[in-house]
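A short reminder: the numbers here are calculations on the coordinates, not readings from a lab. It should be emphasised that the depicted structure is a prediction, and the values quoted were computed from it without experimental measurement. So basically every Cβ, Gly included, is an ideal-geometry build from the backbone, and we count neighbours across all protein chains shown.
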Amino acid sequence: MLVLAADTGAAAVRSNFRIDQDALVSSVGAVAERVHSPGSALADVVRAYRTAVEQRRTVVLNLPLDVQELPVEAGPVPAVAPFAPVRPGADAVQSLAGLIAAAQRPVFVAGRGGRGAGAELRDLAEASGALLATSAVAAGLFADDPWSLGISGGFATPLAAELISGADLVVGWGCTLNMWTMRHGALIGPDATVVQVDLDADAIGANRPVHLGVLGDVGATAVDVRTELDGPRTGYRTPQVAAGIAERGRWRSEPYEDLTGPGGIDPRTLSIALDDLLPAERTVAVDSGNFMGYPSAYLRVPDEHGYCLTQGFQSIGLGLATAIGAACARPDRLAVAALGDGGALMSAVELETVARLGLPMVVVVYDDRGYGAEVHHFTGDDHTTVAFPDTDIAAIGRGYGFEAVTVNAPTDLDAWRTGWQATARNRSWCTRGSLRTAAPGGWRRPSGATSTGCRVRRR
Ligand SMILES: Cc1ncc(C[n+]2csc(CCOP(=O)(O)OP(=O)(O)O)c2C)c(N)n1
Ligand SMILES: [Mg+2]
């Protein structure tokens, strides 16, 4: 990503709006670049672009106000030839092929670095008899593959958790197998062999010791290893496992006690209903909080571009802005912002942006009248400061120009469904659910779902 940012001139040392933008940018792991002068402008911009594309970095290109004022000679833009993918060393390819050939129950877990290599990984997995999973940020990469277990980690289905922890070989593809993806290591069996394939040497072994590290592009490595293997192997792809995935491969097939009642609609019931209601071509952007497992587990996404998790800095309140970016980037898909009430209230001003830009978007607010994550985390403590008074979030949405409903029970969605169809995809909707009673559990713990109640009221 290339971010263009104005900056104060170098000589404006006493400007009241001077900040050290380079330091700000590097403090969050991005790369600071700068247009230094009219003479270097072209080279500066090309350098920033190349870093963003070739190193897959977020680059902030600072544009000092005094330089912006100066005329620049438009010159020819130098052609930037794309790099060929970095191929792994032959020894590493042999070693990985050997481990796969020896494995009975291999599982591939693709992370952010595996996005874009879905086809190569599926091919290799078929030859290996491997099951497929992703970290949360790569959710959707293997959508619709009959051997896909979906997300590995806190959002994993019970079946996925069982099968991943039963693997005798776990290969992380562009995935550091961190504590979220591996449930603090609990998803890696004690005798499992662990491999990481990554372009970044620092990433290999970063979170846990690995038996083999392969330095190389994920897609190129998958292709090279594939050539070392014979035809399809059974491996973990047995008829029993196939039947298990067909039956219990998705969260919605897990039985649950529907807690819909006076307190509102069960968020699982709401999420399943939304999954049926919303068009398949969607981008789901999820804020942070206890609720986040519901949209992540129950809303299908078409591919790895269909899911945006905003956990980069563990901050709440970024989901709506992320959905706005997604709506602008992929106007062919419906943006769905899934927020908690805390994150929604923190970022509510961005509802105005959605309305002003006329973005098609559904904003779903899982409303438990509080910072539910804190309630679950600090069990038994005084929750006064993290409980909110009842807030009519639907009314807030309407104030900004949204159509809005509050769902208390599945039938409340009927009215919404009619309205949704009538307005097709050119309107923004705000759906509010509310969680009054918090049950124990939580997505950040392996134990599974949390019960909530949701209400929706139609204007
Ligand atoms: C900016 C920021 N402040 C505080 C936190 C700590 N925190 C993590 S989750 C959470 C609760 C979020 O509440 P809500 O959006 O309603 O979701 P819920 O947990 O209730 O489902 C808080 C306060 C944080 N991650 N980021
Ligand atoms: Mg909440």
Check: Can you pull out the chymotrypsin sites (Phe, Trp or Tyr not before Pro) in the stretch 1-102 that DSSP calls coil and that have at most 14 other Cβ atoms within 10 Å?
Finding: 17, 83
Note to self: Within a 10 angstrom radius of the beta carbon, how do 251, 180 rank from fewest other beta carbons to most?
What the structure shows: 180, 251
Margin query: If each residue of separation counts as 0.36 nm, what is the full-extension length gain between residue 240 and residue 388 once their alpha-carbon separation is subtracted?
Written below: 48.5 nm
Notebook entry, point to check: So how far, in whole Å, is the C-alpha centre of the stretch 195-262 from the one of the stretch 393-418?
Noted result: 38 Å
Next item on the list: Would you mind pulling out the separation of the Cα centroids of the stretch 297-352 and the stretch 17-58, in Å?
Entry: 26 Å
Note to self: On the principal axes of its Cα set, how long, how wide and how thick is the chain? Give whole Å, largest value first.
What the structure shows: 69, 63, 46
Notebook entry, point to check: Assuming R0 = 51 Å, what is the FRET efficiency of residue 73 and residue 202, from their Cβ-Cβ distance, to the nearest 0.05?
Noted result: 0.80
Next item on the list: Treating the Cα atoms of the stretch 251-444 as identical point scatterers in vacuum, please give the log10 of the normalised Debye intensity I(q)/I(0) at q = 0.09 Å⁻¹, two decimals.
Entry: -0.29
Next item on the list: Calculate for the chain the 222 nm mean residue ellipticity that helices alone would give, adding -39,500 (n - 2.57) per DSSP H run of length 4 or more and normalising by residue count, nearest 500 deg cm²/dmol.
Entry: -9000 deg cm²/dmol
Checklist line | Sparse-neighbourhood loop sites, trypsin sites (Lys or Arg not before Pro) in the stretch 30-76 - DSSP loop, at most 10 other Cβ within 10 angstrom | finding: none
